[in-house]
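The values are calculated or read from the model by the stated rules, or taken from the named source; none is laboratory data. A quick note: this is a predicted structure, and the numbers were derived from the prediction, not measured. Don't worry about glycine lacking a Cβ; one is built from the backbone with ideal geometry, like all the others, and counts go over all protein chains shown. Surface accessibility is based on the protein's heavy atoms, side chains included, excluding ligands, DNA and RNA. Shrake-Rupley method; radii C 1.70, N 1.55, O 1.52, S 1.80 Å.
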Amino acid sequence: MGESWAGAECGEAHECSFFFTVVSAAEPKTMAKPAQGAKYRGSVHDFPDFDPSQDAEALYTAMKGIGSDKEAILELITSRSNRQRQEVCQSYKSLYGKDLIADLKYELTGKFERLIVGLMRPLAYCDAKEIKDAVSGIGTDEKCLIEILASRTNEQIHQLVAAYKDAYERDLEADIIGDTSGHFQKMLVVLLQGTREEDDVVSEDLVQQDVQDLYEAGELKWGTDEAQFIYILGNRSKQHLRLVFDEYLKTTGKPIEASIRGELSGDFEKLMLAVVKCVRSTPEYFAERLFKAMKGLGTRDNTLIRIMVTRSELDMLDIREIFRTKYEKSLYSMIKNDTSGEYKKALLKLCGGDDDAAGQFFPEAAQVAYQMWELSAVARVELKGTVRPAGDFNPDADAKALRKAMKGIGTDEDTIIDIITHRSNAQRQQIRQTFKSHFGRDLMADLKSEISGDLARLILGLMMPPAHYDAKQLKKAMEGAGTDEKALIEILATRTNAEIHAINEAYKEDYHKSLEDALSSDTSGHFRRILISLATGNREEGGEDRDQAREDAQGAAGLQQAGVAVGKVPEVGPLGTAEKKVKMLEQQRTELLEVNKQWDQHFRSMKQQYEQKITELRQKLADLQKQVTDLEAEREQKQRDFDRKLLLAKSKIEMEETDKEQLTAEAKELRQKVKYLQDQLSPLSRQREYQEKEIQRLNKALEEALSIQGSPSSSPTAFGSPEGATGLLRKQELVTQNELLKQQVKIFEEDFQRERSDRERMNEEKEELKKQVEKLQAQVTMSNAQLKALKDEEKAKEALRQQKRKAKASGERYHVEPHPEHLCGAYPYAYPPMPARVPHHGFDDWSQIRYPPPPMAMEQPPPLPSSRLFHLPEYTWFSPCGALRNQSSQVMDSPTARPAEQGSTKNDREGPQ
C-alpha cells in the first residue's frame, strides 16, 4: 500500500476573511513556493537542503537498539513536508528493506504513534484511513464523516475515493451506504461524487431561484423537502452559495443556519450546517472544531490529530488567526495547556508559532485605534443619513399620539416606533419639550416605564441628543470592571472636532467630571495618550499642506529606521543637520523604548488579568459540568423510571387484551349453549302437544266410562244367566279400564310435575346465564374503555417524546413525568381493577340434568273417578327446557294395547313418531 502512494500537492485556494497579519519571528524564513500564484498558508514547509537518504539513516539510528529517540523522530518528521516524508519512506525501504511506518508503529505507542503515523501517510490515504475507522466495527463516527466530506474540494474527494479503493480494495460509496441511512446517507453520497460547481461566474437569476426554492422547501412548506436542500447545497459552487445565503437573509429575515436547525434534525442537520460553515469559511470551521476538541474536561485527540495533520500544509495560518481572534487565545497556548509529552511537542511544531507571544500580534485595541485614527485623518467621507426631518412635522400631534400610545393597559409600540424613527433628532427634542408642556410629564421616563429590552435601549438612545448619547456610551464603556476599548475607539476616532467638544460639554454636564480625567483614570500607556489626544478635539481642519505632509512622512520614515537599525547616522547634508537628525533619532529611540516598556507592562498586566479570569472561568466551568453531570444522572434515573412504568403499562394493556379475548370466547360459548337449549326445546314442545292430546283422549275416555257406569240399566238377572254374566264382565272390564286410566293419569301427573320442576330450574339457569352474559358484556365494555384510555395515554407520551427530541437540538431539555392520577401505588392506573369473573354454574352436558325423585306413595288411595272429590289436575305450562323423560317413566302399556274405541283416530292410537 505504501508503494502506491502518490505525493499530495497543496493546490487548494482558500477563501477567508481579511485579518491584520504579522508573520511570526519564530517561523522559518524560507517560505514554500505558493501554488498557482496563491500565498502559501501552511505552517509546515519544504525543508531546505533535503536529503531523503540521510533522513532515513537518522530515523533508523533513532529506532535502533533498545528504546527509541522520540525527540529525534518528532523533530525530523514534523520539519519535513508530506512530499518529503514520502521520499524518506521510499529511501528507508531501499536502504534497509523495511517499511518505515511498520517500524514506527512498533517503536511508538499511544497518541504520539497515531500522530506520527498519520503524518507519514499521504493526505488522501490519511483521510481514507480515518473514514475506514469511522465506518468499521459497531457504530459509526458520524462527526468524522461530516468533517472530512463537508470540507474537501472536488480534487481531494476524487483522490480520497481512489486511495480508499487502492488501500482496502473496497468501494467507499458502498461502505458508506451500508453504514448510514436516510437523508444523511443521500447527502454523503452527493458529496462523494465530487461534482460541486467550481465556476466563479454567478447568475443572479439562479441565485434568486435557489433562494426561493430553499424558502419553499423549508419555511413555507408543511414538513421539509430535504431533496431540495441536498441538491442546492451539494452541487452549487461556493461563490454562488455565499450569494444565496446573503440573499436568503434579506428575503426571509433569518440566516440559512436558523432555517436548517428548524427544518432538519439529527446527523443530517449537523452535516448541512457543516457544509454551510465550510462554504462561508473553511478555516473558521476547523478553528471551531479544534476549540471544541480541547475545551472542557478531556481532549478529543482523534479530532485534534486529524485536523493538525491534514491542515498543516493547507491553511493552518488562517486557522490560527481565526482561532486567536474568535476565542481570544492562541491555538498554540491551548494545545500547550491541554496536552503533554512528545505528543504536545509534535502538535506545537505543526501549529508553527504562538500568537500570544510578544511581537506576534500588535495589541488589538491600539491596532484598531491607529487604523481608525489614520482613516479619520486622511479620508473625507460624505455623510448620507437614513433619517431626515419630517416634512409635515407637528410636535403637538406627535406628543398627543405618543401619550395615547402609552396610556391605559398595554402599549402601542408600533405607533411609538413609527413616530420616533421618522423624525430627526432636532424634531424629537421639540416633541420632548411639547410633551412636557402639555402633560407635565417627562417623555423619557414614560418611555422607560412602558417599553423594555433592546427596544427600550434603541428608543431612548434615539430620544437623546447625539452628544449626550455619546457621553453616556463613553461612561458605560469605562465604568465597572474592565474597559470597553472598542467603544472608546469607535466614538473618539470617528467624531469631528465640533462633535468632540459637544461630547466633552455633555459629559461634564451629566457626570460632573471631565472626559479627559475619566480617560486618564481608566486607561494607561500609549493607548491613553492616543485617546486623550483625540478627546481634545484639536485636529487640523484646514486645507492640504504638501510640504508639511512631506516632512511628516520623513519623520515617520526616521521612526521606522530607528526601530530597525538604531544608531545609523545618515551621510547626507552638512554636519549640523546630521547631528540634529542624530539627536532627533536618539530622542525618538528613547521614546520608542519607553513606549515599548509601557506596552510590555500593559501586556503583562492584561495577560495576568486574563489568566486570572480564565482560571475563574475554568472553575465555574468545572462546577457547571458537575451540575450537568448530576442533572444528567437524574434525568437518566427518571428516564429509567419512566421506561419501567411504560413497560408496566404495556404489560397491563396486554393483560387487558388477554382478558378481553377470554371474555369474548366465554360470551361466544354462552351464545352457543343458548342456541343448543333452544334446539332442545323443540322436541319438548312436540312432546307437550302429544301429552295434551293424550290427556284429552284419556279425559274423554274417562267421561264415557263414567257416563256408562251412571246410566240406568235393566234389573239384575239371576246369577248365572247370560245377561247377568255379561253385565258382570262388562262392569269388571270398566273397573279395570278405570284403574288403568287412573294409573295413566297418575303417571302423567308425575311427568307434569317433573316437567314443571325441570322447566322452573331451566328458567332459573337461563336467567342466571343471561345475568352472566350481561355481566361479561359489561366487563368487556369496561376493558375496551380501559384499553382505549391506555392507548391514548401511550400516544400522548409518544408525542411528548417527539417534542423532547425536537427541543434537544436548541439546547432545551425537560423530562416527561406520568400524570399523578395514573399512578396509585401498586396499581399504577386511575381505573379500578377488573372484578373477578363469576364462575359458571351451568351444565356442561345435558346428561347431567337430574329429575327430582318421584313423589311418596299416598297413604290413602286416590278418589275414584265417580267420587265428587275426584277432579282433573290443572297444569301450568312453561316453555319446555330439558331432556326427554326417562324410559322408566313411560306408560307401561302403549296406546295400541288398549281396545280400540269409537271416535279414536289412527293418529291418536299410534302416538308421536
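Worth pointing out:
- Only one of Asp301, Asp355 that is at pLDDT 90 or above and not aromatic (Phe, Trp, Tyr): Asp301
- Note on the range 431-502: enclosed helices (runs of 4 or more DSSP H) holding 2 or more residues that are over 20 Å from Ala535 (Cα atoms) and open to solvent by 30 Å² or more (accessible area, probe 1.4 Å) are 443-450, 453-463.
- The residues of the range 52-76 that are polar (S, T, N, Q) and outside any helix (DSSP H, G or I) amount to a single one, Ser68.
Yes/no per residue for (1) of a type in the set (Gly, Ala, Ser); (2) farther than 18 Å from Asp418 by Cα:
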| residue | (1), (2) |
| --- | --- |
| Glu450 | no, no |
| Leu455 | no, no |
| Met463 | no, no |
| Lys472 | no, yes |
| Gly480 | yes, yes |
| Ile489 | no, yes |
| Ala493 | yes, yes |
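- Checking each residue in the range 212-257 for being over 24 Å from Asn154 (Cα atoms), open to solvent by less than 50 Å² (accessible area, probe 1.4 Å) and aliphatic (A, V, I, L, M) picks out only Ala217.
- Residue tally, condition without any contact (Cβ under 8 Å) to a residue 24 or more places away in the chain and either within 49 Å of the chain's Cα centre (by Cα) or outside any helix (DSSP H, G or I) (or both), over the range 764-784: 2
- Counting the residues of the range 152-180 that are aromatic (Phe, Trp, Tyr) and within 23 Å of Glu198 (Cβ to Cβ) gives 1.
- Qualifying residue in the range 309-324 (condition: within 25 Å of Gln84 (Cβ to Cβ), among the hydroxyl-bearing types (Ser, Thr, Tyr) and either modelled with pLDDT under 85 or not in a helix (DSSP H, G or I) (or both)): yes
- Residue among Tyr248, Tyr332, Tyr285, Tyr231 that alone is touching a Cys at 6+ places or on another chain (Cβ under 7 Å), assigned to a helix (DSSP H, G or I) and within 28 Å of Lys186 (Cβ to Cβ): Tyr285
- Taking residues in the range 505-519 that are more than 13 Å from Thr536 (Cβ to Cβ), and partners anywhere that are hydroxyl-bearing (Ser, Thr, Tyr), the pairs with Cβ atoms closer than 9 Å and at least 6 places apart or on different chains are Ala506/Tyr469; Tyr507/Ser514; Lys508/Ser514; Lys513/Tyr507; Ala518/Tyr507; Ala518/Tyr511.
- When the range 133-154 is filtered for residues that are charged (D, E, K, R) and either closer than 18 Å to Leu233 by Cβ or at pLDDT 95 or above (or both), the ones remaining, listed by number, are Glu142, Glu147, Arg152.
- Any pair with Cβ under 8 angstrom, 6 or more apart, that starts in the range 440-465 at a residue that is under 17 Å from Thr415 (Cβ atoms) and ends at one that is polar (S, T, N, Q) and part of a helix (DSSP H, G or I): Leu462/Thr421; Leu462/Asn425
- Within the range 629-647, none of the residues are among the aromatic types (Phe, Trp, Tyr) and either out of contact with any His (no Cβ under 9 Å at 6 or more places or on another chain) or not in a helix (DSSP H, G or I) (or both).
- Pairs, first more than 17 Å from Gly266 (Cβ to Cβ) in the range 128-150, second basic (Lys, Arg) and open to solvent by less than 50 Å² (accessible area, probe 1.4 Å), C-beta under 7 Å, six or more apart: Lys129/Arg121; Glu130/Arg306
- Residues located in the range 756-775, provided they are under 17 Å from Glu692 (Cα atoms) and open to solvent by 40 Å² or more (accessible area, probe 1.4 Å): Arg756
- Residue identified as modelled with pLDDT under 80, out of contact with any Gly (no Cβ under 8 Å at 6 or more places or on another chain), open to solvent by less than 90 Å² (accessible area, probe 1.4 Å) and of a type in the set (Asp, Glu) among Asp600, Asp547: Asp600
- Some residue of the range 695-718 being closer than 21 Å to Asp758 by Cβ and modelled with pLDDT of 80 or more: yes
- Scanning the range 391-416 for residues that are outside any helix (DSSP H, G or I), hydrophobic (A, V, I, L, M, F, W, C) and at pLDDT 85 or above gives a single hit, Phe393.
- Within the range 278-312, the set of residues being more than 24 Å from Gln625 (Cβ to Cβ), open to solvent by 20 Å² or more (accessible area, probe 1.4 Å) and touching a residue at least 60 places away in the same chain (Cβ under 8 Å) comprises Glu284 only.
- Selected residue [more than 21 Å from Leu350 (Cα to Cα), open to solvent by less than 20 Å² (accessible area, probe 1.4 Å) and of a type outside the set (A, V, I, L, M)] from Tyr96, Tyr106, Tyr92, Tyr60: Tyr92
- The lone exception for Asp200 - which of (1) open to solvent by 40 Å² or more (accessible area, probe 1.4 Å); (2) assigned to a helix (DSSP H, G or I) it fails: (2)
- For Thr180, the conditions (1) under 27 Å from Ala124 (Cα atoms); (2) open to solvent by 70 Å² or more (accessible area, probe 1.4 Å) all hold with the exception of (2).
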